[in-house]
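> What follows is a single structure, and I will ask about it in a moment.
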Amino acid sequence: MDSRKSNRRGFLKGGAALAGLAAGAAQSAKAQTPEPKWHEKGTNKEIIAYGERSRFVTSLRAPVAERDSPDAFGLMFHVLTPLQDSVGSITPSSLHYVATHRGSFVPEIDPKEHRLMIHGMVDRPLVFTMDELKRFPYVTRVHFLECIGNRSKPTHKTVQETHGMTSCSEWTGVPLSVLLKEAGVQSGASWIVAEGAEEIKGASSIPLGKAMDDCLVCYGQNGEAVRPQQGFPLRLIVPGFEGIFQTKYLRRIKVVDRYYMTYNDYGHINPDPKVSALGNQIGPKSVITYPSGGQKLSGPGFYEISGLAWSGGGAIRKVEISTDGGKSWKDAELRTPPYPMAHTRFGFHWNWDGKECDLQSRCTDELGTVQPTRAQSAQFFNKPLDENYRVPGADNTIQSWRIAGDGSVHNGLA
Ligand SMILES: Nc1nc2c(c(=O)[nH]1)N[C@H]1C(S)=C(S)[C@@H](COP(=O)(O)O)O[C@H]1N2
Ligand SMILES: [Mo]
């Protein structure tokens with residue numbers, strides 16, 4: 001049976017309920033919407049010089065549950081994107097998750113003083129100023145980032161807690177391959193080590209093949225300069241690889257002939273280049289953001305299930321939805337262009353009958369890889385789930401949201 005068709009039928013059935021909800025509006029829109037109050041003219045700097053969102057929109061990032069951020073010493077740790085309020089596929093820069101290690105403060109870097117050095121196994125070691133970098137041909141691409149620590153636990157209540165360490169931006173920068181060709185990579189080179197400017201240096205070893213393929217040296221994010229928390233003035237984007245490779249405050253790239261165990265790589269990467277070339281890729285992964293944990297449905301009737309899907313293996317090809325805890329699946333619709341290694345929004349028309357049920361999403365990427373269940377993932381890593389029901393490796397497993405009879409939504413792991 002064509003599941004799209006059945007989804008469509010569901011939508012039409014739901015039309016009646018929708019019409020009922022909106023009936024009051026038909027009489028006079030003017031009468032129902034009060035006259036707006038106005039911001040004080042000319043006095044509000046935020047409104048004139050740099051736009052602020054409405055004060056009625058209050059969605060915020062939050063620290064991970066176990067750790068205050070900033071802590072008692074004023075140090076900052078991971079903060080999570082409020083995915084439950086997300087629409088479309090781009091994360092507002094202000095709400096991008098932040099992962100900062102060993103509690104580093106956000107470095108304040110003067111772009112006039114910042115330099116990028118490329119050296120090691122190259123014919124011409126080069127040092128670029130920001131102005132020089134901006135003279136190179138650039139590209140703009142949409143890519144997600146995700147921290148390897150992004151994993152769902154039974155104690156997590158909301159999608160911000162279970163999945164908030166992933167975000168998606170439009171990145172602008174120079175292809176790393178262009179800069180490496182300018183420097184002239186010597187034969188025998190097989191890896192690069194990328195280093196950030198701040199105290200812990202955020203260094204990562206990256207296979208040369210990946211560096212020459214699609215990595216970007218970025219100075220732009222969502223139409224403006226990369227934000228300080230995301231690496232201003234320069235950051236490396238390694239599309240589809242786990243977060244730790246996306247070196248912020250990028251100041252140095254060394255071309256080398258072997259893998260280096262840097263601070264950041266410890267425990268993150270397999271020293272065998274063949275294994276690591278695929279082992280560092282994220283996903284495929286997806287999650288329903290509405291309805292999700294902590295939200296409440298107001299009663300039986302039509303709902304639009306909405307969520308995000310992404311994969312380090314390329315573009316998202318398919319997203320399926322189950323409303324019966326994974327027993328049966330129907331195709332969702334992709335609602336944003338499925339760019340490679342980018343968040344892709346999906347939607348699904350659903351009529352809730354008011355009974356308790358489990359909602360799940362499952363995606364497939366362009367390699368044909370299907371998002372696994374927790375049991376399948378444990379089997380893949382050949383290790384049992386731990387006492388917190390966590391998967392042993394990177395967690396790209398299917399997330400379940402339980403809808404209770406009163407419409408409240410709960411983590412299906414709990
Ligand atoms: N220089 C530097 N780069 C870094 C890090 C860091 O601490 N310092 N953290 C890494 C980790 S673990 C992740 S998940 C991503 C997070 O990027 P974001 O903070 O922009 O979300 O940056 C990576 N790059
Ligand atoms: Mo991370």
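> Output the number of the condition that residue 171 fails; it satisfies all remaining conditions of (1) under 21 Å from residue 285 (Cβ atoms); (2) touching a Leu at 6+ places or on another chain (Cβ under 8 Å); (3) away from ligand 1 (no atom under 14 Å from the Cβ); (4) in a strand (DSSP E or B).
Going through the list (1) under 21 Å from residue 285 (Cβ atoms); (2) touching a Leu at 6+ places or on another chain (Cβ under 8 Å); (3) away from ligand 1 (no atom under 14 Å from the Cβ); (4) in a strand (DSSP E or B), residue 171 breaks only (3).
> Related question: Based on this model, can you work out whether residue 157 counts as free of Cβ contacts under 8 Å to residues at least 24 places away in the same chain, touching a strand residue (DSSP E or B) at 6+ places or on another chain (Cβ under 9 Å) and away from ligand 2 (no atom under 16 Å from the Cβ)?
Spelling it out, it is not the case that residue 157 is free of Cβ contacts under 8 Å to residues at least 24 places away in the same chain, touching a strand residue (DSSP E or B) at 6+ places or on another chain (Cβ under 9 Å) and away from ligand 2 (no atom under 16 Å from the Cβ).
> Further question: Which of the residues spanning region 294-333 are within 19 Å of the chain's Cα centre (by Cα), of a type in the set (Gly, Ala, Ser) and surrounded by fewer than 24 Cβ atoms within 10 Å (Cβ to Cβ)?
306, 313, 314, 315
> For region 324-414, which fully contained strands (runs of 3 or more DSSP E) count at least 3 residues that are in contact (Cβ under 8 Å) with a residue 60 or more places away in the chain and not hydroxyl-bearing (Ser, Thr, Tyr)?
On the way: elements: 344-352, 357-365, 400-403, 409-411.
Passing ranges, in order: 344-352, 357-365, 409-411.
> Within region 178-201, is even one residue in a loop (DSSP other than H, G, I, E, B), out of contact with any strand residue (DSSP E or B) (no Cβ under 7 Å at 6 or more places or on another chain), within 16 Å of ligand 2 (Cβ to nearest atom) and open to solvent by 50 Å² or more (accessible area, probe 1.4 Å)?
Scanning region 178-201 turns up no residue that is in a loop (DSSP other than H, G, I, E, B), out of contact with any strand residue (DSSP E or B) (no Cβ under 7 Å at 6 or more places or on another chain), within 16 Å of ligand 2 (Cβ to nearest atom) and open to solvent by 50 Å² or more (accessible area, probe 1.4 Å).
> Assess whether residue 136 counts as being within 16 Å of ligand 1 (Cβ to nearest atom) and of a type in the set (Phe, Trp, Tyr). Can you show your working first?
Values: within 16 Å of ligand 1 (Cβ to nearest atom): no; of a type in the set (Phe, Trp, Tyr): yes.
Taking the combined requirement at face value, the residue does not satisfy it.
> Filter region 141-156 for residues that are among the aliphatic types (A, V, I, L, M) and outside any loop (DSSP other than H, G, I, E, B); which is farthest from ligand 1 (Cβ to nearest atom)?
142
> While we're on this one: So, in region 228-247, exactly how many residues are surrounded by fewer than 24 Cβ atoms within 10 Å (Cβ to Cβ), near ligand 1 (Cβ under 8 Å from one of its atoms) and not in a helix (DSSP H, G or I)?
1
> Please find, among 109, 118, 90, the residue that is more than 21 Å from residue 192 (Cβ to Cβ), of a type in the set (A, V, I, L, M, F, W, C), more than 16 Å from ligand 2 (Cβ to nearest atom) and touching a strand residue (DSSP E or B) at 6+ places or on another chain (Cβ under 7 Å).
90
The values are calculated or read from the model by the stated rules, or taken from the named source; none is laboratory data. This structure is a prediction, so every number in the text was calculated from the model and none was measured. Note: ideal-geometry Cβ built from the backbone for every residue, glycine included; neighbour counts use all protein chains shown. Ligands, DNA and RNA are excluded from the accessible area calculation, which covers all protein heavy atoms including side chains. Shrake-Rupley method; radii C 1.70, N 1.55, O 1.52, S 1.80 Å.
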